[in-house]
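The values are calculated or read from the model by the stated rules, or taken from the named source; none is laboratory data. Just so it is clear, the model here is predicted, and its values are computed rather than measured. All Cβ positions, even for glycine, are placed from backbone atoms using ideal geometry, and neighbour counts span all protein chains on display. Heavy atoms of the whole protein, side chains included, go into the accessibility calculation; ligands, DNA and RNA do not. Shrake-Rupley method; radii C 1.70, N 1.55, O 1.52, S 1.80 Å.
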Amino acid sequence: MTIGFIGNPNCGKTTLFNAYTGAHLKVANWPGVTVEKKEGAMKYHNQIYKLVDLPGTYSLTSYTIEEIVSRNYILSDEVDVLINVVDASALERNLYLTLQLIELGKPVVMALNMMDIVEKRGMEIDLHRLPEILGIPAVPVSARKKTGLEILIHAAAHHNTRNNNFSINSEMYSHNLFHLNPVLTYSSGIENKIAKIISALRVKYPDMENCRWHAIKLLEKDDEITRKCIDALSDLTDVIDRSYETDIINQKYEFIETIIEEVLVNKEKSKDLTDRADALLTHKIWGLPLFLLIMALVFFLTFTVGDFLKIYFEIFIKWATNIISSALTALQVSDIIYSLVVNGILAGVGGLLSFLPNIFILFLALAFLEDSGYMSRVAYVMDGIMGKFGVSGKGFIPMLLGFGCSVPAVMATRALESRKDRLRVMFLIPFMSCSAKLPIYVLFSGMFFPKYAMLAAYSMYILGLVIAIIAAFVINKTDRKKEANMLLIEMPEYKSPSAHTIIIYVWDKIKDYLSRAGTVILVASIVIWFILNFGFSGYTQDISKSFGAVLGKYLVPVLNPIGLGWWQVGVALIAGISAKEVIAASFAVLFGISNILSHEGMSTLAPVLSNMGFGALNAYVLMTFALLYPPCIAALATIKRESGSWRQLGLIVVLQICVAWGVSFIVYRIGGLFI
């Protein structure tokens, strides 16, 4: 038996799904689609149940990729029962999807999640009247506390019409009888049209299931269903004389209002904490300054607390480096092996590991903001600003994710309705300062702006946002076929962040960072060491005769106008395509400085760079270029997969290089007037 979990975003659906499946998850993509598919299994009364976590959606209207995937899967014969996970504290909004699911004619069980919030607000839901009106079981559960889970799965097991033991309102779910006893009856005019369409469909498609649902979709002029039933439309031109989607939506909400009046007690309450906080945090004037202030606090903690903890990491890494160095000397290994281990691997990987405390604090703060419910408010606040430049607040959500990592941020563009919007946001995401760029900011701001290191790094985050907004504005002005951008986003209840959720979130990010240090950055450090220690004549200790020097010198004419005309910088930027952290690691290998992000490492590197003529302005330009030029290989591969086009990927890469060079040129020239 297969059970599908479906619900609005942020209703606790995935938490409930995980509570049942535990660690027994299988994650893949839906066939032919880049939307993530989560499957799990559980055993109940000696029977194995297959569970499928469907993408979060507000309706079954096929606008976004997620909605299309969810609807196609539900319409297929693969799912036996649907568990509709509902945020009980926002029942009115969630019931719209519920009514659509019931109209599909599939067995549906409602899971009333977040009942603790309902009780906290002093409201009550009539758990007898609600299932009576809807004709489906309604089971109160708590995904976080794992209560009500056995009752819910029991209801799903006995609500399966393919099981001879089903009991509750099973006749209503018969595909042949459902249209005779609908839960929601529309106005007489629409019902007459539905009846005529059903008759025509039964003639043309005698084996069709869910005829009433198909009739409603034809009245809404749903593109997919219209193509599917094209043969029947010639006889229905007088019936389907226009789109009745707005009429049907309005009548659904009128029905929802009557349900709420009957089942929800004490609906009208005084403003709670969430409403009072939103009055300030989503204010049209104060919302944006408060967001910037909160992010400034995040980076203040990242630098102050992170740097305090980093001292102890530096001591450990220096101790480990000395032990390994002494061991290699005692073993009398060759100069090549010694240089590879000490100047290549330890300098590259070890230096970035000392930065781990800063990464930990950053992700801890972001996890706190996300789990508290604040991040969705940021999208709402930015909607007004971004909308003027052609990107909705919904498009800003993937951009927010880009502060963590560009890969999941690019994948999050699937939630956008049009391909044009998805490509536009994919282009903007790499301008966000992902966590991989933070080591670059720490290294160069620490060396050249010691008293204002936090401000210098924070300015990169602001600059990335500004450039993204300007780029969106230019694209919007050159777009002849503009589309309306509307924001539909869940505003979850503010809550105390779950320690369990935060631990999982931070651990996943730290684990990813460590795996990159042990794979991509390790390999990149070895490759950089090789091209810096080998030339056409073989192994050399004269770095100016190495392959790296030859390669970097080809880039000097291109980088010189923006104040980065050193071959070492060119090599570091090329290496940074593998992973942005590698830029910092490259300087460690280039100049043979282990633990480069430590105070001692920076003190050693700073005078070396100064003697080359590389000063504070050059450092700021390098941070700017690293911020804006194309992202890492993993992000580029994700853009290719999500866009499905090498041409689009190439266009995005070329545009990002041009933007990075152009902005860096402006920063260098304007900065040169003052420095």
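Just to be sure I understand the model, the point goes 7 Å from the Cα along the line to the Cβ. What's the resulting Glu257 to Asp512 distance in nm?
Label at Glu257, label at Asp512, 4.4 nm between them.
In the structure displayed, which of Lys284/Lys495; Lys13/Lys495; Lys43/Lys509 lie more than 20 Å apart, Cα to Cα? Could you put the intermediate results ahead of the total?
On the way: Lys284/Lys495 23 Å; Lys13/Lys495 17 Å; Lys43/Lys509 31 Å.
In this structure, Lys284/Lys495; Lys43/Lys509 exceed 20 Å between Cα atoms.
Go through Lys318/Lys580; Lys145/Lys310; Lys310/Lys388; Lys106/Lys388 and tell me which ones have a Cα-Cα distance over 31 Å in this structure.
Checking Cα-Cα distances, Lys145/Lys310; Lys310/Lys388; Lys106/Lys388 exceed 31 Å.
Do any trypsin sites (Lys or Arg not before Pro) in segment 106-150 lie in a loop, going by DSSP, with at most 14 other beta-carbon atoms within 10 Å of their beta carbon, and if so which? Show your work: numbers first, answer last.
Working: sites: Lys120, Arg121, Arg129, Arg144, Lys145, Lys146; in loops: Arg121, Arg144, Lys145, Lys146.
Answer in residue order: Lys145, Lys146.
Give, in nm to one decimal, the length gained when the segment between Leu301 and Lys120 is fully stretched (0.36 nm per residue of separation minus the Cα-Cα distance).
Length gained between Leu301 and Lys120: 61.9 nm.
Using only Cα atoms and rounding to the nearest 10 degrees, what angle (0 to 90) does helix 547-559 make with the longest principal axis of the chain?
The two axes meet at around 70 degrees.
Using every pair of alpha-carbon atoms in the chain, split the distances into 10 Å bins beginning at 0 and state the percent of pairs per bin, rounded to integers.
It works out to 3, 13, 21, 22, 17, 11, 8, 4, 1, 0, in whole percents.
Excluding same-chain residues fewer than 8 positions from Lys196, which lysines have a Cα within less than 22 Å of its Cα?
Qualifying lysines at Cα under 22 Å: Lys204, Lys217, Lys221, Lys228, Lys252.
Would you list, by chain and number, the aspartates and glutamates whose Cα falls below 20 Å from the Cα of Lys640, excluding same-chain residues fewer than 8 positions away?
Glu36, Glu66, Glu417, Asp421
Normalised by the empirical 2.2 N^0.38 Å for globular proteins, what value does the Cα Rg of segment 185-248 take?
After normalising by residue count via 2.2 N^0.38 Å, the value is 0.99.
Normalise the Debye intensity by I(0) for segment 100-162, one equal point scatterer per Cα, no solvent, then take log10 at q = 0.13, 0.15, 0.21 Å⁻¹ and round to two decimals.
Debye curve over Cα of segment 100-162, log10 I(q)/I(0) at q = 0.13, 0.15, 0.21 Å⁻¹: -0.38, -0.51, -0.92.
So how far apart, in nm, are the two label points at Asp479 and Ser498 if each is 7 Å from Cα heading toward Cβ?
According to this spin-label approximation, the distance is 3.6 nm.
Quick one: length gained pulling Asp542 to Glu78 fully straight, 0.36 nm per residue minus the C-alpha distance? Kindly include the intermediate steps, with their values, before the conclusion.
Values: separation 464, 0.36 × 464 = 167.04 nm, distance 6.56 nm.
Taking 0.36 nm per residue and subtracting the Cα distance, the gain is 160.5 nm.
State the percentage of accessible surface on segment 366-471 attributable to carbon and sulfur atoms; use a 1.4 Å probe and exclude ligands, DNA and RNA. Could the numbers behind the result be given before it?
Numbers: 2140 of 3020 Å².
C and S fraction of accessible area: 71 percent.
Taking only Cα atoms, what is the 0 to 90° angle, nearest 10, from helix 646-672's long axis to the longest principal axis of the chain?
Taking Cα atoms only, the helix is inclined about 50 degrees.
Helix-only estimate, please: 222 nm mean residue ellipticity of the chain, summing -39500 (n - 2.57) across DSSP H runs of length 4 or more and dividing by its residues, to the nearest 500.
So the calculated ellipticity at 222 nm is -18500 deg cm²/dmol.
Calculate the FRET efficiency for Ser334 and Lys553 from the Cβ-Cβ distance with a Förster distance of 30 Å, rounded to the nearest 0.05.
Here the calculated transfer efficiency is 0.55.
Please work out whether segment 551-675 counts as rounded, prolate or oblate from its C-alpha gyration tensor, where a ≥ b ≥ c are the square roots of the eigenvalues and a/c under 1.5 means rounded, while otherwise a/b larger than b/c means prolate and anything else oblate?
Details: a/c = 2.29, a/b = 1.44, b/c = 1.59.
Judged from the Cα gyration tensor, segment 551-675 comes out oblate (a/c at least 1.5, b/c at or above a/b).
Give the cross-link partners of Lys553 among the aspartates and glutamates, using a straight C-alpha distance below 19 Å as the criterion and excluding same-chain residues fewer than 8 apart.
Leaving aside aspartates and glutamates fewer than 8 places away in the same chain, those within reach of Lys553 are Asp542.
Measure of size requested: the Rg and Dmax of segment 412-482, with Cα atoms as the atom set and Å as the unit; please supply both.
15.7, 49
How much accessible area per residue does the chain have, counting only protein heavy atoms and a probe of 1.4 Å, in square angstrom?
I get 44 Å² per residue for this part.
Taking the Cα-to-Cβ direction at Thr237 and at Phe530 and moving 7 Å from each Cα, how far apart do the two end points lie in nm?
It is 7.0 nm.
Only bridges whose two residues both fall in the chain count here: according to DSSP, what percent of them are antiparallel, nearest 5? Could the numbers behind the result be given before it?
On the way: 17 of 35 bridges.
Bridges in the chain are about 50 percent antiparallel.
Helix 616-628 against the longest principal axis of the chain: what's the angle in degrees, Cα atoms only, rounded to the nearest 10?
Value to nearest ten degrees: 30.
Among the GluC sites (Glu not before Pro) within segment 254-334, which fall in a DSSP loop and have no more than 10 other Cβ atoms within 10 Å of their own Cβ?
Listed in order of number, the matching sites are Glu268.
Given a Förster radius of 45 Å and the C-beta distance between Glu245 and Leu673 as r, what FRET efficiency does 1/(1 + (r/R0)^6) yield to the nearest 0.05?
0.20
In angstroms, what radius of gyration and Dmax does segment 216-307 have, counting Cα atoms only?
25.0, 74
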